[in-house]
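Before any comments, here is the structure.
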Amino acid sequence: MRVNGAWREADVWPGTSLLAFLREALGLYGSKNACEQGECGSCSVWLDGTLACSCLVLAAQAHEREVRTVEGLTSGDRLHPIQEAFLEAGAVQCGFCTPGFVVAVADLLDKDANPSPATVREALSGNLCRCTGYQKILDAVQLAAERRRAGS
Amino acid sequence: MSVDIRRQGGVGQSVRRVDGVPKVKGEFEYASDLRRDGMLWGATLRSPHPHARIVSIDTTAALEAPGVVAVLTHTDVPGKKTFGLDVQDQPVLAADLVRYAGEAVAVVAAEDHELARAALKAIAVNYEVLTPVTDMEQALEPTAPPVHPQGNVVRTLTIVHGDPNALADAWVEGMYETGMQDQAPLGPEAGLAVPAADGGVDLFIATQWLHADLEQLAPCLDLPLEKVRLHLSGVGGAFGAREDVSMQIHACLLALRTKRPIKMSYGRQESFYGHVHRHPSRVWMRHGAPYEVPNARLEGTAVFTNNPPCGAMRGFGAVQACFAYEAQMDKLAVELNLDPIELRIKNALRSGSVLPTGQPIAGVAPVRECLQRLQQLPLPPEESALDRDPMLLPGGAGNVGHGEALKRGVGVAVGYKNLGYSEGFDDASEAWVRVSADREGPLAEVKTAAVDVGQGLDTIVTQIVRTELGIDRVLIRPPDTAIGSAGSSSASRQTMMTGGAVQLACQAVRAEIERSGGLQDLRRPVEATRVFHHRPTGKLDASGQGDPHVTFAFGAARAVVEVDQELGLVRVLQLAVAQDVGRALNPQSVLGQIEGGSAQGLGLALMEEVALVDGQLKNASFTDYLIPTILDMPPVVCEIVEEPEPGLPYGAKGVGEPSTVVVPAAVVAALRNATGRELRRAPVKPDDLVGL
Ligand code: FES
Ligand code: FES
């Protein structure tokens, strides 16, 4: 499969999830496993441009398809503006949920540059965070959206 | 050099997290991300029964299963067979008896995770099933089977203060219950054990207290303390769940046996079985007066059952008590015809108030201030149910009505939590600080064994160093057991304890630098190690009187809820929390702690409970055990009340727990206010709200 722009392959047993493939076979540990049931969003990636829980997709289903992970958001030392906003707003505590949230927020803002608070909550309702109570995550989304509008 | 408390990046400022960049990029290494060449995966066989005798264990088939390198049972534990944080009564691997469903019976090491898990099925355990004790009151009956040989009482504590038979003009009483809550940190239990050339082992682990793990591990492995070295790995939240040992001993046993690195990482389901939960409680109370009373009798009993074991969770022990006494205070307000918040303001604890243990509150106690701040906050505006976006109805899209039966309710609660360890425990933390200079200028390095579980300790430590030394470049060295203990990241204690140790070490280094000509003239590195102790506390005497606690943090919450009275669905419109923080060392992260603690409190009030049927855990997944999502959480309005605490570094109190203590009580009070129902148990279910 093409992962963050590069073709990658590995031999795995047929039951391997895309999440396990990314983590254990390719060493891309940015996508996290907190439930393996599609409930927490920690494993969020794009599969052919569509947001997906990689724990619910078989690696085999992604055969010859395009996968983008949190590692694909940045190159080098520069942070993605959403990552920058998360840091500034204090939206990170333990950080285990953060890569999944960053991916989900990037997906949301690509589709809707000016989401209402209700739209943001709805869009992020599949991502669990146990540390922050979500308030600072909402602040981060707002900050990132404002900056993006100001910049474009 | 002088101490500049307004220094850029120092204490009092909302400095960004020092571990933030790797965390947002997905590069931060959590324990579940650890790997090593040649490593094996470990997996755990757990008892399916809450109470059973083990007749036999046959591992022959499992040893022959594909990829399996080792299968261990209790006979393979070389040293002490039991572990425990306080009392070592929990088997490393069950020998003759299993005491809860999920207790570890055997562990397997295999070439990969799937093979290890598959091999568990090949272990044949023959159980003789026994009747379990699954209720806390049943456990106290004389006919109850003893869970441990000494019986089912863990501890009974009686506190008698003044004249317990004194009479009051008005009495209120009630029975209250809280369910078993799960900490549900998003990062699962995980670690990597690497056998060492000296016959010892190195364990890379997500924990709350490296040294307490070490002290439990070494005797079980039959190794001297210095041959077991623990190194902190990335921690994906803790909230008390990592205070007890989970896979630590198992991974080390397998590593020592196979002489290969062992990785263990629980899945979500196993995580529910693999760590302790918040104790469920049942409380009866009768009050003749609010808060500070001259006469009191309290009796508390902790019992063993065959339900899953319980331990620390944020607000340990204070959450359950607050839920009960705050319901009582509302009853008293009705009895005395007072507004609930007025009753609380009038009778608020303050500095000098005497607690039922006879202990006066020596430090600051701005309880009235917290309540008054809440009182001044406007209520969220009323919204008509007509034409409302259905997502904004209680229950959201799941609400099949049109908002015909909505009722709003407001509730308040106030409460407190002890900070640090109590009852005479010598609470201490050690820190090492070194200052050197290179081409980029001065550099301060800090090492402690203290764990940043996500609360932001490393950032606070960095701020303290900048403030004390005036050096911007601060490097936190990875925590391990090569330095003295820092105690646990629990009981809201690390800012005061490890913060205090770092401050002391910085002061020693600063004095030395000043003696030798100042920072400009630094020729060789200067270092110091210091230990911070909080003031000694005392044990309780036979009638529960004494000086058991160092100090307390107070908080108050107001909840505004909307209940659909026909469907029993709830929407929390707003939480407001005013908290006594001493001094906010990093205001943004203080807010983050209050907001996050509030979410866990809301969870306990409305949805979170480990469901048990005959000792079996029925909801061990995020599909079935619900924690608040972003749709469940209302805005949290925070009021930080700053009144520095004498005797603590910078006057800062721990901030992690009070919101979790008061929010459940406030939310349920609001539900009572909306529905007029007694609601004596949390979490409150839809059935309770419609009276089924
Ligand atoms: S790990 Fe995929 S949704 Fe939780
Ligand atoms: S920051 Fe810890 S789970 Fe979100």
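The values are calculated or read from the model by the stated rules, or taken from the named source; none is laboratory data. Keep in mind the model is a prediction, meaning the values are calculated, not measured. We place every Cβ from the backbone using ideal geometry, glycine too, and count neighbours over all the protein chains shown. Heads up: the accessible areas ignore ligands, DNA and RNA and are worked out on the full protein's heavy atoms, side chains in. Shrake-Rupley method; radii C 1.70, N 1.55, O 1.52, S 1.80 Å.
Some observations on this one:
- Loop GluC sites (Glu not before Pro), segment A:50-97 (other Cβ atoms within 10 Å of the site Cβ: 10 or fewer; DSSP): A:64
- Overall Cα dimensions of segment A:2-73 - principal axes, largest extent first, Å: 29, 28, 19
- Separation in nanometres of the label points that stand 7 Å from Cα toward Cβ, at residue B:336 and residue B:124: 6.9 nm
- Ligands, DNA and RNA are left out, and with a 1.4 angstrom probe the accessible area of segment B:554-692 is 28 Å² per residue.
- Rel. contact order, % - alpha carbon contacts under 8 angstrom, at least six apart, segment B:478-607: 13 percent
- Chain B: C-alpha gyration tensor shape, a/c 1.5 cut-off, then a/b vs b/c: oblate
- Gain on full stretching of the segment that runs from residue B:611 to residue B:677 - 0.36 nm per residue minus C-alpha separation: 21.4 nm
- Shape of segment B:20-122, Cα gyration tensor, a/c cut at 1.5: oblate
- Helices in chain B, meaning DSSP H runs of at least 4 residues, each add -39500 (n - 2.57). Divided by all residues, the mean residue ellipticity at 222 nm is -7000 deg cm²/dmol.
- Å² per residue, accessible surface of segment A:81-150 at 1.4 Å: 31 Å²
- A/B buried area, accessible surface, summed, 1.4 Å probe, Å²: 4200 Å²
- Gap separating the Cα centres of segment B:337-382 and segment B:104-182, nearest whole Å: 35 Å
- Cross-link pairs exceeding 29 Å between alpha carbons, from the set A:111/B:25; A:32/B:227; B:23/B:447; B:81/B:417; B:331/B:653: A:32/B:227; B:81/B:417; B:331/B:653.
- Given 12 as the ceiling on other Cβ atoms within 10 Å, longest exposed-site-free region of chain B for trypsin sites (Lys or Arg not before Pro) in DSSP loops: B:260-438
- Percent RCO, i.e. relative contact order, over chain B, from Cα pairs under 8 Å lying at least 6 residues apart: 18 percent
- For residues of A:19-32, the mean tally of beta carbons on other chains within 10 Å: 3
- Relative contact order for chain A: 25 percent, from Cα pairs under 8 Å spaced at least 6 residues apart, divided by residue count.
- Stretch in chain B that is longest and holds no GluC sites (Glu not before Pro) that DSSP places in a loop and that have at most 12 other beta carbons within 10 Å: B:441-692
- Förster radius 30 Å - calculated FRET efficiency between residue B:53 and residue B:89 (Cβ-Cβ, nearest 0.05): 0.95
- Between segment B:507-556 and segment B:216-235, the alpha-carbon centres lie 27 Å apart.
- As a fraction of the 1.4 Å probe accessible area of the protein assembly as shown, surface on carbon and sulfur atoms comes out at 51 percent.
- Cα gyration tensor, segment B:534-591 - rounded (a/c under 1.5), prolate or oblate: oblate
- Beta-bridge orientation, chain B: approximately 80 percent antiparallel, per DSSP, counting only bridges with both partners inside.
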